[in-house]
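Asks: The structure under discussion is supplied below as structure tokens; questions concerning it will follow.
Read the figures in this text as sums done on the coordinates, not as results from a lab. The structure presented is a predicted model; accordingly, all values stated were derived computationally and were not measured. Cβ coordinates were reconstructed from backbone atoms using ideal geometry, including for glycine residues, and neighbour counts include every protein chain displayed.
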Amino acid sequence: MLKQIVKQWKVLSMRKFSTSGQKNFRVAVCGASGGIGQPLSLLLKRNPLVTELRLYDIVHTPGVVADLSHIDTNTKVCGYMGPDQICDALECNHKILQIESYDNREPKVSDTSVFNLLNYKNYENN
């Protein structure tokens with residue numbers, strides 16, 4: 001009886017943790033040309049679950065996109081640079097949005113306020 005319960009539990013747990021059915025994650029990385037954004041973008045490019053990777057930063061994004069384009073994976077990489085292209089970078093319905101860096105000159109700036117600013121910019125351009 002115990003063997004049957006363990007066997008059923010193994011089958012059920014393997015179904016819950018299977019990733020073979022979902023391989024269509026679209027990820028946007030804001031701050032992609034920084035010290036944290038570049039290695040993160042490299043890891044996301046190598047991840048087989050990611051199908052589209054959109055990189056955004058204020059400067060040097062085309063260089064990061066060129067570096068990542070030499071890696072032979074099925075992930076499509078797009079680069080966006082400058083404040084006028086932030087809405088294009090966030091245009092698709094992304095599964096994951098990673099904000100890596102922002103100008104932290106004000107001590108009371110939180111991640112929530114940065115995300116609200118991005119929402120405001122998107123609303124302003126529409």
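Asks: Place a +1 charge on the Cβ of each Lys and Arg in region 30-100 and a -1 charge on the Cβ of each Asp and Glu, then give the dipole magnitude about the Cα centre in debye, rounded to the nearest 20. Don't skip to the answer; put the middle values down first.
Replies: Details: 5 positive and 8 negative charges, 52 e Å.
Approximately 240 debye in magnitude.
Asks: What residues qualify as long-range amide H neighbours of V77, i.e. H under 5 Å apart, gap of 5 or more or another chain, H built at 1.01 Å from N?
Replies: So V77 has HN proximity to L53.
Asks: Give me the percent of Cα-Cα pairs in region 30-100 that sit more than 18 Å apart, rounded to a whole number.
Replies: Working: 699 of 2485 pairs.
Looking at region 30-100, the distances longer than 18 Å represent 28 percent of pairs.
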